[in-house]
Amino acid sequence: AVAVIVYVFTSAKIVKTGQENLLTGEVKFSAGESVAGIWETQALPNLNEKAVDLKQLLTEAKGDLKSQADKYGKYSMGTSGELNYTVKGTATVKSVNTEKKAGYMEIELKDYTGSEKIMLQVGSVYKGSAVRDSLDFIKFEDYTNQVDFAAISQSIHDVVQKNVIEKADITTITGKEIDFTGCFTVNGNSEILITPVELTVK
């Protein structure tokens with residue numbers, strides 16, 4: 001007797017990780033290339049639309065940044081978590097500190113005389129997740145785990161480093177006037193650490 005082996009092939013599609021939406025029809029914001037892909041078209045318009053003048057925010061807050069939460073702020077977990085603000089302003093760069101990996105420039109807001117120490121992060125390591133948590137279309141519950149959610153913030157910081165900081169040439173920026181837009185997480189009232197999403201040297 002002759003054995004006949006029949007192979008049956010079923011139709012299957014192989015998709016790369018992160019491209020499952022091509023099969024499911026679902027469009028999800030995911031780390032890496034997706035962040036770069038939506039940066040100019042979604043992220044910046046969203047942040048620019050909600051950015052409040054930092055001088056105005058500080059003047060109205062009168063030393064209590066949390067007092068303006070309902071008016072300008074966004075909490076990282078909807079109604080709880082860390083309080084974040086998206087701000088803009090014009091300032092003079094007082095100094096640049098890159099001795100540590102989490103570098104920053106200290107700035108002086110134009111026409112503002114408050115006592116707060118205001119800084120813009122310049123990398124290469126970025127603290128916090130203020131930009132991610134300020135975007136209206138990114139929600140923790142849309143992600144399967146904390147690792148994926150954290151990856152979004154890291155990818156945003158990669159874009160900030162490449163598109164904002166490296167283009168600004170921070171080695172020659174001290175003493176110059178800048179326009180900026182960025183996000184910060186409230187951590188007390190005496191220091192403000194902003195992650196810039198736009199930076200123009202005048």
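When Met77, Met119 are compared by accessible area at a 1.4 angstrom probe, the order from most to least is Met77, Met119.
Rounded, prolate or oblate: which fits the range 74-153, taking a ≥ b ≥ c as square roots of the Cα gyration tensor eigenvalues, rounded meaning a/c under 1.5, else prolate when a/b beats b/c? Judged from the Cα gyration tensor, the range 74-153 comes out oblate (a/c at least 1.5, b/c at or above a/b).
Among rounded, prolate and oblate, which fits the range 61-202 when a ≥ b ≥ c are the square roots of the eigenvalues of its C-alpha gyration tensor, a/c under 1.5 means rounded, and a/b larger than b/c means prolate? Oblate.
Each of Asp53 and Lys162 was given a label point 7 Å from its Cα along the Cα-to-Cβ line. The distance between the two points is 3.5 nm.
Name the residues whose placed amide hydrogens come within less than 5 Å of the amide hydrogen of Gly73, ignoring near sequence neighbours (fewer than 5 apart) on the same chain. Excluding prolines and chain starts, which carry no amide H, there are no hits.
For the range 115-202, the antiparallel share of DSSP beta bridges with both residues in that region comes to about 65%. With a simple spin-label model that places each label point 7 Å from the Cα along the Cα-to-Cβ direction, the separation between Ala36 and Asn189 comes to 4.3 nm.
The values are calculated or read from the model by the stated rules, or taken from the named source; none is laboratory data. Owing to the predicted nature of the structure, the values given are computational and were not obtained by experimental measurement. Note that we place each Cβ from the backbone using ideal geometry, even for glycine, and neighbour counts take in every protein chain shown. The protein model used for the area step is the full one, side chains on, heavy atoms only, and it has no ligands, DNA or RNA in it. Shrake-Rupley method; radii C 1.70, N 1.55, O 1.52, S 1.80 Å.
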